[in-house]
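The values are calculated or read from the model by the stated rules, or taken from the named source; none is laboratory data. Note that the structure is predicted; figures quoted are calculated from it, not measured. Cβ coordinates were reconstructed from backbone atoms using ideal geometry, including for glycine residues, and neighbour counts include every protein chain displayed. The accessibility values were calculated without ligands, DNA or RNA, using every heavy atom of the protein model including side chains. Shrake-Rupley method; radii C 1.70, N 1.55, O 1.52, S 1.80 Å.
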Amino acid sequence: MNEQSTLNALLQDPLLDPALHAIGVSVAEGRRISDDDALLLYEKAPLAFVGTLANIIRERKHGGKTYFNRNFHIEPTNVCIYTCQFCSYSRLIKQREDGWEYSMDDMMDMVKAYDGEPVTEVHIVGGVMPQYNLTFYKDLFSRIKAHRPDLHIKGLTPVEYYYIFKKAKVSYEEGFRQLIEAGLDSMPGGGAEIFHPDIRQQIASDKCTGEQWLDIHRVWHQLGKRSNATILYGHIESYAHRVDHMARLRQLQDETGGFQTFIPLKFRNQDNQMSHIREVTTVEDLRNYAISRIYLDNFDHIKAYWPMIGRSVAQMSLAFGVDDIDGTIDDTTKIYSMAGSEEQNPALSTKDLVQLIKAVGRQPLERDTLYGIIMDYTDHVFPDEEVYRGYTALPVVQR
Ligand code: V47
Ligand code: SF4
């Protein structure tokens with residue numbers, strides 16, 4: 001049975017809520033859903049219902065294609081002046097003694113450690129500290145580009161930009177112009193958390209506001225550049241706050257078209273000020289991926305960050321709207337392992353990731369940051385690859 005006939009079967013269920021039925025028909029006909037529709041999906045729709053709709057959209061956009069990127073992370077520091085309640089880097093939690101603050105040379109050594117490795121991107125993000133200012137980052141980016149011009153720099157978030165541009169007394173536009181000249185290529189999606197002030201005030205009261213986050217991405221997009229967006233879900237926010245968050249993103253995307261990918265980040269509760277909050281279930285993770293895929297019709301990609309949810313949930317997410325998996329090789333990002341991510345040592349080889357994708361009948365494609373295809377692994381067989389058997393009609397690879 002294909003997805004369309006699964007949907008038809010679901011729509012014929014006499015017990016299906018009529019409002020959900022109307023949303024199902026609307027999505028099947030390719031129409032955008034409203035904020036009220038999204039709220040209703042969160043409140044009432046079963047996993048199978050949203051999963052089927054999300055998968056239809058995912059397959060219309062990408063078929064079985066599943067993207068991944070070989071990158072590495074640099075976290076300049078794990079100490080931060082801000083007091084986000086969910087973060088183990090925050091000065092509320094972090095004693096400076098067990099913190100690190102890397103120098104320019106330390107970071108260049110990290111870049112050099114990847115010489116000869118087929119990575120295409122460095123993702124730079126960490127805590128906010130005064131010594132990491134505009135001059136520092138201009139210098140860092142130019143040194144990285146001088147050493148390895150083809151490495152794409154996906155760096156910093158509006159949280160850092162708001163702080164460093166203000167300190168340097170430059171406009172967002174001027175600050176970005178200087179950083180682009182130094183080598184900055186794109187902006188990751190972090191720092192978004194929950195935009196709505198009622199929640200942001202409680203979990204991230206002293207860093208940039210939701211409006212400032214969106215304004216900084218707007219200016220970045222107006223300069224012709226691309227970025228990602230995230231949501232930190234599964235803590236004290238309500239479904240209405242999640243919808244409000246995505247509504248602001250969908251609106252900005254209508255305006256600029258500059259977002260590439262939406263990345264839902266599951267709140268993890270270890271070693272932070274919100275440890276008393278219970279984490280949401282896997283079913284909720286999958287529903288959340290699916291509803292974001294359905295609602296954000298103008299986003300090309302929905303990404304699962306596997307170190308946070310684990311390999312199995314990342315694999316399942318590929319049937320719930322996700323078409324991109326992040327965290328390929330040797331991903332030692334510490335912000336997550338400290339917050340209690342599924343994977344304490346999150347490293348996954350390209351072969352492992354390719355197999356994980358093939359095992360659920362999807363087609364693994366290595367991409368660069370801007371979704372240019374580097375290699376299609378669909379028919380590629382690694383020397384010692386395990387036999388796999390996906391649920392679709394993909395060939396079974398023999399050893
Ligand atoms: O903004 C911090 C999150 C984000 C916790 O753009 C936590 O390609 C869960 O945005 N539980 C930064 N999450 C990371 C990020 C990201 C990751 C991967 C890919 C991309 C991309 C962006 O990490 C922060 C915050 O929302 N975070 N603490 C926690 N306890
Ligand atoms: Fe600092 Fe970011 Fe952690 Fe907030 S989430 S305390 S801004 S590192």
Counting alpha carbon pairs within less than 8 Å and at least 6 residues apart, what relative contact order, in whole percent, applies to the chain?
19
Under-5 Å amide H pairs with Cys80, H placed in peptide plane, nonlocal only:
Arg91
For the stretch 144-176 and the stretch 26-53, what is the separation of their C-alpha centers, rounded to whole Å?
38
Considering only protein heavy atoms, with the full assembly of protein chains and a 1.4 angstrom probe, order Thr6, Thr135 by accessible area, largest first.
Thr135, Thr6
Nonlocal amide H pairs with Ile74, under 5 Å, H built at 1.01 Å
His123, Ile124, Val125
At a threshold of 8 angstrom on Cα-Cα distance, excluding pairs fewer than six apart, so keeping six or more, what relative contact order does the stretch 3-62 reach in percent?
45
Test item: Cα-centred dipole of the chain, Lys/Arg +1 and Asp/Glu -1 on Cβ, debye
320
Of all accessible surface on the chain at a 1.4 Å probe, what whole percent is carbon and sulfur?
50
Per residue accessible area in Å² of the chain, where ligands, DNA and RNA are left out and the probe is 1.4 Å
40
Mind scanning Lys145/Lys207; Lys61/Lys154; Lys266/Lys303 and naming the pairs with a C-alpha gap bigger than 18 Å?
Lys145/Lys207; Lys61/Lys154
Nearest-0.05 FRET efficiency for Asp105 and Asp36, computed from C-beta distance (R0 56 Å)
0.55
Between Ile302 and residues 5 or more places away or on another chain, the pairs with built amide H atoms under 5 Å apart involve Phe262, Asp323, Asp324
Lys and Arg at +1, Asp and Glu at -1: add these up for the other residues within a Cβ distance under 14 Å of Glu174 and post the number.
+3
Treating only the Cα positions of the chain as identical point scatterers, give the base-10 log of I(q)/I(0) from the Debye formula at each q in 0.15 Å⁻¹.
-1.50
Identify unpaired cysteines across the chain, taking unpaired to mean no other cysteine Cβ lies under 4.7 Å from the residue's Cβ.
Cys80, Cys208
Radius 13 Å from Cβ of Gly321, net charge of other residues (Lys, Arg +1; Asp, Glu -1)
0
Among the DSSP beta bridges whose two residues both lie in the chain, what percent are antiparallel, rounded to the nearest 5?
10
Cα Rg over Rh - the stretch 3-62, Kirkwood:
0.92
Formal net charge of residues neighbouring Glu255 (Cβ-Cβ distance under 13 Å; K, R +1; D, E -1)
+1
Estimated vicinal HN-Hα couplings, Hz - the stretch 256-264 in sequence order (Karplus 6.51, -1.76, 1.60; Gly, Pro = x):
10, x, x, 7, 9, 9, 10, 10, x
Using DSSP to call loops (not H, G, I, E or B), can you name the GluC sites (Glu not before Pro) in the stretch 12-89 whose Cβ has at most 10 other Cβ atoms within 10 angstrom?
Glu29
